[in-house]
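Novice: Got a structure for you, questions after.
Nothing in this text is a laboratory measurement; each read-out follows from the coordinates by a stated rule. What you are looking at is a predicted structure, and each value in this text was computed from that prediction instead of being measured. All Cβ positions, even for glycine, are placed from backbone atoms using ideal geometry, and neighbour counts span all protein chains on display.
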Amino acid sequence: MDRNLLGATSARPPFMSHVLDGVRVLDFGRFIAGPYCAALLGDMGADVIRVEKREGSEDRWTTPVADGGEGALFLQVNRNKRGITLDPMTDGGREVVRDLVATADVVVANLPPQTLAQMGLDYAALRDTKPDIILTTVSAFGHGGPWSDRVGFDGVAQAMSGAMYMTGHPDEPMRLAYPWVDFTTAMMSAFGTLAALMERRSTGRGQQVEGSLLMSAVTVGNAMLIEQGVIGRDRVATGNRSQTAAPNDCFRTADGWVIVLTIGQPLFERWVRLMGERHWLEDPRFKDDISRGDHGGLISERMGRWCAERSTERCLAELGAARIPAAPVLSPQQALDHEHVRAIRFMLPVDYPGLTRAAPVADTPIRLSATPGGIRRRAPTLGEHTEEVLAELGYDARAVARLREAGVV
């Protein structure tokens with residue numbers, strides 16, 4: 001890990017190989033699902049080339065934190081990439097795309113099908129250039145339905161999957177602020193891309209990998225949808241309180257908030273011992289998880305009184321001693337400052353031009369003991385590696401200058 005780029009050194013020995021050494025990925029993605037899929041492949045050693053608009057793609061400027069306008073999300077999901085600018089809608093741009101594809105193993109693009117075709121990035125066009133290419137696409141709604149051609153972000157999948165309806169309160173559905181659908185889709189798309197690479201290694205065949213925001217959201221909420229489809233419970237939101245176990249809720253302490261998650265009979269019995277009130281075990285209303293969920297308001301009321309009498313620190317100490325899952329409800333700054341978050345060295349300080357201080361970027365969220373991934377380079381500045389990548393394709397300085405004059409790069 002380059003100290004100049006990251007402001008931190010890596011525990012990885014410099015001689016250790018990466019899982020995806022020798023794999024080249026072209027990233028035409030935007031915002032989260034496509035770019036983070038490509039970033040995960042880059043974390044594992046792939047040479048990822050991010051291709052964006054000449055003026056900078058819109059996701060570069062979302063939630064700006066750098067003097068140049070680059071955004072927080074961009075710094076996270078575009079690490080371990082080289083960056084070039086390109087207009088694939090021009091004749092010269094489509095020629096550069098074909099040259100890039102000829103050297104690539106994977107193309108990642110979360111763009112509408114009609115846009116892919118216009119850019120020469122649909123699977124048929126890619127296969128004409130590179131027969132064993134793998135195309136990884138991400139859409140909002142997946143193919144085959146009446147909404148397949150519609151566009152959307154994380155929130156539309158939260159809304160259509162039932163997640164928003166079950167979050168918040170019956171009179172106000174609530175979207176989770178963190179884009180869990182986008183990141184879940186990115187991870188599943190990276191998983192599918194790795195599976196396709198394994199298949200190609202065995203057979204020589206490429207293929208198209210498809211992820212979708214709606215499929216990801218429905219997958220995460222599938223148990224609730226199964227319950228609805230089979231027995232029709234018609235549940236509605238109950239704030240932070242679980243409907244299938246208790247105490248499973250968020251509680252105010254004397255100086256903050258904690259979440260307590262008690263699921264299963266052994267944990268419930270530990271909670272009863274902590275309360276010192278055996279009657280909870282003798283009452284048929286609390287005989288199992290689903291019954292406790294049905295009467296969860298009663299258990300939450302008791303747990304709420306217990307927490308209110310204690311500081312957050314004391315609550316967590318006593319719950320921890322009882323081996324009951326619990327945690328403080330932290331603000332973003334408190335999350336960054338928490339002793340455990342700091343101790344596991346997961347948030348890496350990554351420098352970037354125009355930042356007043358290094359950005360705390362989450363490392364690869366899965367750790368391999370023999371071939372770990374990791375952040376090796378910061379996100380690229382706009383067009384930072386255009387000349388370098390084009391030179392690798394055989395374009396000399398004069399050819400690159402002509403492309404610039406023509407508005408191609």
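Novice: Compute a Gaussian network model of the chain, connecting alpha carbons closer than 10 Å, and tell me which residue from 124, 190, 397 fluctuates the most.
Specialist: For the chain, modelled as a Gaussian network with Cα springs under 10 Å, the answer is 397.
Novice: Which far-off residues, 5 or more places away or on another chain, put their amide H under 5 Å from the one on residue 211, with H placed in the peptide plane?
Specialist: 137, 138, 139
Novice: For the chain, modelled as a Gaussian network with Cα springs under 10 Å, which listed residue fluctuates most, 220, 361, 101?
Specialist: Checking each option, the largest mean-square fluctuation is seen for 220.
Novice: Report the net charge of residues surrounding residue 334, where surrounding means a beta-carbon distance below 15 angstrom and charges are Lys +1, Arg +1, Asp -1, Glu -1.
Specialist: Summing Lys and Arg as +1 and Asp and Glu as -1 gives -3.
Novice: Whole-Hz ³J(HN,Hα) for each residue in the range 196-205, computed from phi via Karplus 6.51 cos²θ - 1.76 cosθ + 1.60 with θ = phi - 60°, x for glycine and proline: what do you get?
Specialist: So the Karplus estimates, Gly and Pro as x, are 5, 5, 5, 4, 5, 4, 7, 10, x, 8 Hz.
Novice: When a/c reaches 1.5 or more, the comparison of a/b and b/c decides; with that in mind, is the range 11-105 rounded, prolate or oblate per its Cα gyration tensor?
Specialist: oblate
Novice: So, one more: Give the lysines whose C-alpha is closer than 16 Å to that of residue 81, dropping any in the same chain fewer than 8 places away, or say none.
Specialist: Partners within reach: 53.
Novice: Is it possible to state the helix-based mean residue ellipticity at 222 nm for the chain, with each DSSP H run of 4+ residues giving -39500 (n - 2.57), the sum divided by total residues, to the nearest 500 deg cm²/dmol? What is it?
Specialist: Taking each H run of at least 4 residues, the total per residue is -11500 deg cm²/dmol.
Novice: Which Cα, out of 299, 56, 186, lies furthest along the positive dipole direction of the chain (beta carbon charges, K/R +1, D/E -1)?
Specialist: It is 299, whose Cα lies furthest towards the positive end.
Novice: What is the order of 300, 242, 148, fewest Cβ neighbours within 10 Å to most?
Specialist: By the 10 Å Cβ count, ascending, the order reads 148, 242, 300.
Novice: If you don't mind, another one. Considering only 311, 224, 322, whose Cα is most displaced toward the positive end of the charge dipole of the chain, charges sitting on Cβ of Lys, Arg (+1) and Asp, Glu (-1)?
Specialist: Of the candidates, 322 comes out farthest on the positive side.
Novice: Now for a different question. So what J values fall out for the range 285-294 if you push phi through Karplus, 6.51 cos²θ - 1.76 cosθ + 1.60 with θ = phi - 60°, rounded to Hz, Gly and Pro as x?
Specialist: Rounded to whole hertz, the list is 5, 10, 6, 8, 4, 5, 5, 5, x, 5.
Novice: Could you tell me how far the Cα centroid of the range 125-194 sits from the Cα centroid of the range 306-329, in Å?
Specialist: Computed from Cα coordinates, the inter-centre distance equals 37 Å.
Novice: Going by average Cβ neighbours within 10 Å, how do the peptides 352-358, 109-115 rank, with the highest at the top?
Specialist: Order by mean packing, descending: 109-115, 352-358.
Novice: OK, next. Can you give me the P(r) profile for the range 302-388? Cα pairs, bins 5 angstrom wide beginning at 0, each as a whole percent.
Specialist: It works out to 3, 10, 14, 16, 14, 12, 10, 8, 6, 4, 2, 1, 1, 0, in whole percents.
Novice: Something else: Could you tell me which of rounded, prolate or oblate describes the range 318-369, using a ≥ b ≥ c as the square roots of the eigenvalues of the alpha-carbon gyration tensor, with rounded for a/c under 1.5 and, failing that, prolate when a/b is larger than b/c and oblate otherwise?
Specialist: oblate
Novice: Please give, to one decimal in nm, the separation of the simple spin-label points placed at residue 277 and residue 226, each 7 Å out from Cα toward the Cβ.
Specialist: About 3.3 nm separates the two model spin labels.
Novice: Sequence-distant or interchain residues sharing an amide H contact under 5 Å with residue 46, placed H: which?
Specialist: Long-range HN contacts for residue 46: 20.
Novice: Which value in Å is the Kirkwood Rh of the range 205-248 over different Cα pairs?
Specialist: 13.1
Novice: Using amide H atoms built in the peptide plane, which far-off residues or other-chain residues are under 5 Å from residue 327 H to H?
Specialist: Sorted by chain and number, the residues that satisfy this are 259.
Novice: Also, quick follow-up: Which Rg and Dmax, in Å, describe the Cα atoms of the chain?
Specialist: 24.9, 84
Novice: Also, I was wondering about something else. Give the percent of DSSP beta bridges with both residues in the chain that are antiparallel, rounded to the nearest 5.
Specialist: 40
Novice: Kindly provide the chymotrypsin sites (Phe, Trp or Tyr not before Pro) of the range 281-351 that DSSP labels as loop, not H, G, I, E or B, and whose Cβ sees at most 16 other Cβ atoms within 10 Å.
Specialist: 346
Novice: Now for a different question. Looking at the chain as a GNM with Cα springs under 10 Å, which of 147, 61, 180 has the largest mean-square fluctuation?
Specialist: With Cα springs under 10 Å in the chain, the top fluctuation among 147, 61, 180 is at 147.
Novice: Karplus couplings for the range 35-50 from phi (6.51 cos²θ - 1.76 cosθ + 1.60, θ = phi - 60°), rounded to Hz, Gly and Pro as x?
Specialist: Karplus values, whole Hz, x for Gly and Pro: x, 6, 4, 5, 4, 4, 5, x, 4, 8, x, 5, 7, 9, 10, 8.
Novice: Per-residue counts of other Cβ atoms within 10 Å, averaged by peptide: what ranking do you get for 83-92, 39-48, highest first?
Specialist: Going from most to least packed, we get 39-48, 83-92.
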